[in-house]
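J.: First, the structure itself, so that you have it in front of you.
What follows is calculated from the coordinates using simple rules that are stated; it is not laboratory data. Predicted model, so just to flag it, every value in this text is computed and none were measured. Cβ: placed from backbone, ideal geometry, glycine included. Neighbour counts: every protein chain shown.
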Amino acid sequence: MDSTNWQPEKPVISKKIDQFFITIYQVFLFIRKFFREVFRMPFERGEFIRQCYQIGYRSLALITLTGFITGLVFTKQSRPSLAEFGATSWLPSLVSIAIIRALAPLVTALICAGKVGSSIGAELGSMRVTEQIDAMEVSAINPFKFLVVTRVLATTVVVPMLMAYTGFIGMLGSFLDVHLNEATSIQTFFQAAFEKISFLDFGASMLKAIVYGFTIAMVGCYQGWNANQGTQGVGKAANVAVVVSMFFIFIEEIIIVQVINFFR
Amino acid sequence: MKTAKPNINYDEIVIDIKGLYKSFGSNHVLQGVDLQVHQGENVVVLGRSGTGKSVLIKIISGLLYPDQGKVNVLGQEVPDLDEYALRDLRRQIGFSFQNSALYDSMTVGENLAFPLKRNTRHLSSSKLRKSVEAVLEAVGLSQTLHQLPSELSGGQRKRIGIARTLIMQPKIMLYDEPTAGLDPITSTDINNLINEVQQRYSTSAIIITHDLTCAKTTGDKIAMLLNGNFVKQGSFQDVFNTEDPVIHSFYDYNFIQ
């Protein structure tokens, strides 16, 4: 019996204000349920691996293209400003700082919010409205553990990997532009690029990616899990999953940057 | 009329519902419902759409909480059960959904194996395969093993939905509108399958329907749900041998159709 879907019989303040607080309460219960279930045995290893494959491998083409273009375009756009001061040799370090500190986590998160978040929202939403989740429940299977825990864990693990990959691909895009204009070798480029990158930069980006991954999956799962109103509800779940997770990603970006700057 | 003599044990009650109330906001769906199902008995719950028939079996299976009342299933009070005890009880209950609720991403074989695999972790793959083949044969759809649910007809989906519950060898079956949306011939097949399941697996069942042919063919007892309560319970003849105009209109409408 699902305790995360409670509704009062009569409005306490007004219907809209009530609904706002109820949603916050339901989100809290949903997250609490995740942390309760995640440490319970048995671990759904097979489904976790399947989800890692779905989320990771299937996002790779889009991530590669976007990461490469981001690196290339960012370098191209930065060149004229640096050229004014004769400082084009700073391009590798400038680009690497921008990519590793900000662009790679953010670009990866936004792509995953669109691709992974919407797909989780739509998949779980469709399972909810076609009673497949209820069918699991009455078959004595724990659908929350099988569907939600595995997806949230897989996204939280895979998004940081994708972030590291986006960073690498973005640097390659940047290298292409630098190489074509200054005939810099790949060794010189990466040496210059990593000179200004510290472990804190990389660690902070990893932390961001973990938080973003968790947020994307959690929002997608919550929306899908609580979908209603038939096929219209499925579309709404997918759409809201993307919008809300993107909103949270930007909020989290601001908070994490402030916290990291405190340690810098 | 149901012809085969089921082996009903009237001394053993498997589902005992007393004073059950359930509301959704201002919509009072169930208002003091009482119902008993004996071991081996098929009880048909008849009623118009939106009268709370499906809500009743969702409460029995623990998918919904009642507002008030006793729901005793196989000797256990369902609303009082914790998560683990409820899961243990559900292993003994089969639930056939109105739209079958087959898992879209899995083949028929995987759909059938899924509950068994999850509930008996150390089952060998050969035993699992044999169980899947046995229930597929029982519902007469052995050839669909590798097909996806989207490739099946409505009647086949219903049968696979029933097979998925049978694989757990339940003591109680709950059928939600088993013939809804099916043509008369396929409906007859499903009705026969429900009777076969009762005979072969010695199950007790609650069958939710508004199809009188289904009620007549499968029910040992009929319970007529009107305005949140059972207005009449008994054999098909007992229920419809009445002067009550509402029950009569229900009967006439079904057979004119």
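J.: Given +1 on the Cβ of Lys and Arg, -1 on the Cβ of Asp and Glu, and no further charges, what dipole in debye does chain A carry about its Cα centre, rounded to the nearest 20?
T.: Working: 21 positive and 17 negative charges, 51 e Å.
So the dipole magnitude of chain A works out to roughly 240 debye.
J.: May I pose another question? Explain nothing, just the number: dipole magnitude of the range B:1-125 about its Cα centre with +1 on each Lys and Arg Cβ and -1 on each Asp and Glu Cβ, in debye rounded to the nearest 20.
T.: Numbers: 14 positive and 13 negative charges, 75 e Å.
So the dipole magnitude of the range B:1-125 works out to roughly 360 debye.
J.: Another question, if that's okay. Which of B:ARG90, B:ARG48, B:ARG200 ends up with the largest GNM mean-square fluctuation for chain B, with Cα atoms connected below 10 Å?
T.: B:ARG200
J.: Moving to a separate point now. Quote the relative contact order of the range B:1-101 in percent (integer), defining contacts as alpha-carbon pairs under 8 Å separated by 6+ residues.
T.: Values: 132 pairs, mean separation 27.6, N = 101.
Reported relative contact order: 27 percent.
J.: Related question: If I build a Gaussian network model for chain A, linking alpha-carbon pairs within less than 10 angstrom, which residue out of A:PHE144, A:PHE189, A:PHE35 has the largest mean-square fluctuation?
T.: Per the Cα network of chain A with a 10 Å cutoff, A:PHE35 tops the list.
J.: Hey, got the average number of other protein chain Cβ atoms within 10 angstrom for residues in B:84-93? Please report the intermediate quantities before stating the final value.
T.: Values: counts 1, 0, 3, 6, 1, 1, 5, 2, 1, 3.
Neighbouring Cβ atoms belonging to other protein chains average 2 per residue here.
J.: Grab the DSSP H runs of chain A that are 4 residues or longer, score each as -39,500 (n - 2.57), total them, divide by all residues and round the 222 nm result to the nearest 500 deg cm²/dmol. It would help to have the intermediate numbers written out before the result.
T.: Numbers: 11 runs with 201 residues, N = 264.
Using -39500 (n - 2.57) per qualifying helix, the result is -26000 deg cm²/dmol.
J.: Specify whether the C-alpha gyration tensor of the range B:9-108 places it in the rounded, prolate or oblate class, a ≥ b ≥ c being the square roots of the eigenvalues: rounded for a/c under 1.5, otherwise prolate if a/b is larger than b/c and oblate if not. Could the numbers behind the result be given before it?
T.: On the way: a/c = 1.37, a/b = 1.11, b/c = 1.23.
Verdict is rounded for the range B:9-108.
J.: Given a 10 angstrom Cα cut-off, can you work out which residue in A:LEU200, A:LEU172, A:LEU153 is the most mobile in a GNM of chain A?
T.: Result: A:LEU200 has the largest fluctuation of those listed.
J.: Further question: In nanometres, what is the gap between the two model label sites at A:LEU82 and A:SER14, each 7 Å from Cα along Cα-to-Cβ?
T.: That separation, rounded to one decimal, is 5.4 nm.
J.: Using amide H atoms built in the peptide plane, which far-off residues or other-chain residues are under 5 Å from B:LEU226 H to H?
T.: Under 5 Å from the amide H of B:LEU226 lie the amide H atoms of B:VAL231, each far enough along the sequence or on another chain.
J.: Grab the beta carbon distance between B:SER153 and B:LYS130, set R0 = 25 Å, and tell me the FRET efficiency rounded to 0.05. Before the final figure, lay out each step's value.
T.: On the way: r = 26 Å, r/R0 = 1.05.
It comes out at approximately 0.45.
J.: In debye, nearest 20, what is the charge dipole magnitude of chain B about its Cα centre with +1 on Lys and Arg Cβ and -1 on Asp and Glu Cβ, if you could check?
T.: On the way: 26 positive and 27 negative charges, 150 e Å.
Once rounded to the nearest 20, the dipole reads 720 debye.
J.: Then there's this: I'd like the antiparallel share, as a percent to the nearest 5, of DSSP beta bridges with both residues in the protein assembly as shown.
T.: Details: 22 of 40 bridges.
The antiparallel proportion sits near 55 percent.
J.: Net charge within 11 Å of B:LEU225 by Cβ-Cβ distance, Lys/Arg positive one each and Asp/Glu negative one each, not counting B:LEU225 itself?
T.: On the way: positive: B:ARG48, B:LYS53, B:LYS232; negative: none.
Net of charged neighbours comes to +3.
J.: A:SER139: net charge of surrounding residues, Cβ under 10 Å, Lys/Arg +1, Asp/Glu -1, itself excluded?
T.: +3
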